[in-house]
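**Q** For reference, the structure I am asking about is given below.
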Amino acid sequence: MKGQRGWIHDMKLQSLVDQATQYDNMTVAVAAAEDEEVIEAVTMALDSNFGRFILYGDSEKISQLLKQKNEDYAKNGRLQLVHADSKVQATELAVKAVHLNEANVLMKGNVPTATILKAVLNKEFGLRTGKVLSHVAVFEVPSYDHYIIVTDAAMNIAPDLEQKAQIVSNAVSIARAIGIEKPKVAPLAAVEVVNPAMPATLDAAALTMMNKRGQITDCIVDGPLALDNAVSMLAAEHKGIDSEVAGQADILLVPNIETGNVLYKSLIYFANAKVGAVIAGAKAPIVLTSRADSAESKLYSLALAVCSASK
């Protein structure tokens with residue numbers, strides 16, 4: 001059931017998997033797919049009945065990994081293997097497939113992030129749009145009644161105001177793709193007042209004004225807000241903050257990568273949150289999973305990417 005805040009009442013990430021099954025024409029190009037954890041995520045997606053996959057890489061190694069998962073790719077019409085002699089070639093082939101609209105999502109396999117980003121940014125066959133690329137993570141936090149989206153925890157080190165505006169727009173597009181029609185955005189800082197000695201508060205205030213003047217659309221931006229006042233109505237009331245966003249933020253815009261990295265990992269390790277994440281801002285969503293990610297997280301990231309690509 002699609003509502004103001006999502007596709008089902010309890011806002012579980014499993015709902016993204018359910019939503020992804022509605023888009024049977026979505027194809028994922030996997031760069032250097034000869035990786036046990038990547039193959040596990042792919043087979044989990046196939047078992048969940050969403051996505052078509054083109055696996056680029058060492059076809060012999062990929063076939064062996066599929067057999068270990070009891071997956072006969074030759075009999076699976078939703079799985080295709082394309083041999084590549086090197087990880088670089090596999091990456092370029094996967095990116096070209098998305099560039100040529102043969103695939104809708106790009107997924108990183110057993111290849112360095114720098115290699116895949118180099119191909120993504122290639123002027124001839126890459127996925128450039130002129131926008132900033134940013135990391136968008138959708139969290140399911142226990143005891144919290146809606147998704148929390150954190151951006152940017154992995155791509156942009158110290159974004160300036162213009163970059164932050166694009167990062168917000170990227171996150172808003174992802175939020176809308178999963179059913180949050182008008183997401184509430186909290187630019188985070190240490191305090192709720194503008195302080196010239198704290199650049200994050202200046203940027204937050206500017207982003208709020210840009211939103212009011214229609215420069216940032218399809219969302220409500222209000223800040224600066226400290227984390228407690230962004231996510232807790234009680235904390236916001238105690239501080240007398242009158243805001244459409246305070247206490248009910250959907251998107252948390254962090255001021256820099258260190259803040260985002262700490263918040264991202266704190267939610268996982270301290271709050272036992274579940275997460276799915278994509279890189280937004282390119283021609284198509286990009287799934288950049290790490291070895292530290294659980295297979296479940298990779299599945300959610302694939303589902304998030306498919307849902308985003310469908311929009």
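The values are calculated or read from the model by the stated rules, or taken from the named source; none is laboratory data. All of these numbers come straight from a predicted model, not from anything done at the bench. Cβ coordinates were reconstructed from backbone atoms using ideal geometry, including for glycine residues, and neighbour counts include every protein chain displayed. What goes into the accessible areas is simple: the full protein's heavy atoms, side chains included, and nothing from ligands, DNA or RNA. Shrake-Rupley method; radii C 1.70, N 1.55, O 1.52, S 1.80 Å.
**Q** I'd like the carbon and sulfur percentage of the solvent accessible area for region 132-279, probe radius 1.4 Å, heavy atoms only, ligands and nucleic acids excluded.
**A** For region 132-279, the apolar C and S fraction of the accessible surface comes to 55 percent.
**Q** Mind telling me which of GLU296, GLU162, GLU92 comes out most flexible in a GNM of the chain, alpha-carbon contacts under 10 Å?
**A** GLU162
**Q** Related question: In debye, nearest 20: dipole of region 10-117 around its Cα centre with unit charges on the Cβ of K, R (+) and D, E (-)?
**A** That gives a dipole near 180 debye.
**Q** Additional query: Please tell me which of these pairs span more than 26 angstrom C-alpha to C-alpha: LYS67/LYS108; LYS69/LYS123; LYS96/LYS311?
**A** From LYS67/LYS108; LYS69/LYS123; LYS96/LYS311, over 26 Å: LYS69/LYS123.
**Q** Across bins of 10 angstrom width beginning at 0, how are the C-alpha pair distances of region 96-215 distributed, in whole percent?
**A** Bins of 10 Å from zero give 11, 34, 34, 17, 3 percent of pairs.
**Q** Where does each of 166-177, 128-139, 275-286, 61-72 land if you order them by average Cβ count within 10 Å, highest first?
**A** Per-residue Cβ counts within 10 Å, averaged per peptide and sorted highest first, yield 275-286, 166-177, 128-139, 61-72.
**Q** How big is D, in µm² s⁻¹, for region 132-279 by Stokes-Einstein at 4 °C and 1.567 mPa s if Rh is the Kirkwood radius over C-alpha pairs?
**A** This corresponds to a translational diffusion coefficient of 87 µm²/s.
**Q** Considering only TYR73, TYR264, TYR300, give the residue with the highest GNM mean-square fluctuation for the chain, with springs between Cα atoms whenever their separation is below 10 Å.
**A** TYR73
**Q** Can you count the Lys pairs in region 132-279 whose Cα atoms are under 26 Å apart, with each pair 8 or more apart or on different chains?
**A** 14
**Q** Among LEU225, LEU252, LEU202, pick out the residue whose Cα is farthest towards the positive end of the charge dipole of region 132-279, where Lys and Arg carry +1 and Asp and Glu carry -1 on C-beta, about the Cα centre.
**A** With unit charges placed on the Cβ atoms, the residue in question is LEU252.
**Q** Place a +1 charge on the Cβ of each Lys and Arg in the chain and a -1 charge on the Cβ of each Asp and Glu, then give the dipole magnitude about the Cα centre in debye, rounded to the nearest 20.
**A** 600
**Q** Just the Cα atoms of the chain: what Rg and Dmax do they give in Å?
**A** Using the Cα atoms of the chain, the pair Rg, Dmax is 19.6, 63 Å.
**Q** Hey, another quick one. Each label point is 7 Å from the Cα along the Cα-to-Cβ direction; what then is the distance between the points at SER232 and ALA158, in nm?
**A** 3.1
**Q** What's the local net charge at GLU296, with K and R +1, D and E -1, over the other residues with C-beta under 13 Å away?
**A** -2
**Q** Can you give the charge dipole size of region 132-279 about its Cα centre, rounded to the nearest 20 debye, using +1 on the beta carbon of Lys and Arg and -1 on the beta carbon of Asp and Glu?
**A** It works out to roughly 180 debye.
**Q** Using a Förster distance of 25 angstrom, determine the FRET efficiency expected from the C-beta separation of SER86 and LYS123, and round it to 0.05.
**A** 0.75
**Q** While we're here: Heavy-atom accessible area per residue, the chain, 1.4 Å probe: how many Å²?
**A** Spelled out: the 1.4 Å probe surface of the chain, per residue, equals 45 Å².
**Q** Oh, and also: Full extension from GLU102 to TYR23: what is 0.36 nm times the residue separation minus their Cα-Cα distance, to one decimal in nm?
**A** This chain segment gains 26.9 nm when fully extended.
**Q** When the Karplus curve 6.51 cos²θ - 1.76 cosθ + 1.60 is applied with θ = phi - 60°, which whole-Hz ³J(HN,Hα) does each residue of region 253-270 get, with x for Gly and Pro?
**A** Working through the residues one at a time gives 8, 8, x, 7, 5, 5, 4, x, 4, 5, 5, 4, 6, 5, 4, 6, 8, 9 Hz.
**Q** Further question: Would you mind checking which residues have amide H under 5 Å from ALA154's amide H? H placed 1.01 Å from N; only 5 or more apart, or other chain.
**A** HIS135
**Q** Can you pull the percent of region 1-119's accessible area that's carbon plus sulfur, 1.4 Å probe, other chains left in place?
**A** Roughly 45 percent, rounded to a whole number.
**Q** Specify the residue with the greatest mean-square fluctuation among GLN19, GLN80, GLN248, computed from a Gaussian network of the chain linking alpha-carbon atoms under 10 Å apart.
**A** GLN80
**Q** For region 132-279, what's the relative contact order in percent, using C-alpha pairs closer than 8 Å and at least 6 residues apart?
**A** Once normalised by length, the contact order is 35 percent.
**Q** So if we plug the beta-carbon distance of VAL191 and TYR269 into 1/(1 + (r/R0)^6) with R0 = 35 Å, what FRET efficiency do we get, rounded to 0.05?
**A** Between VAL191 and TYR269 the formula returns 0.85.
**Q** Could you work out the relative contact order of the chain? I mean the mean sequence separation of Cα pairs under 8 Å and 6+ apart, divided by the number of residues, in percent.
**A** Result for the chain is 23 percent.
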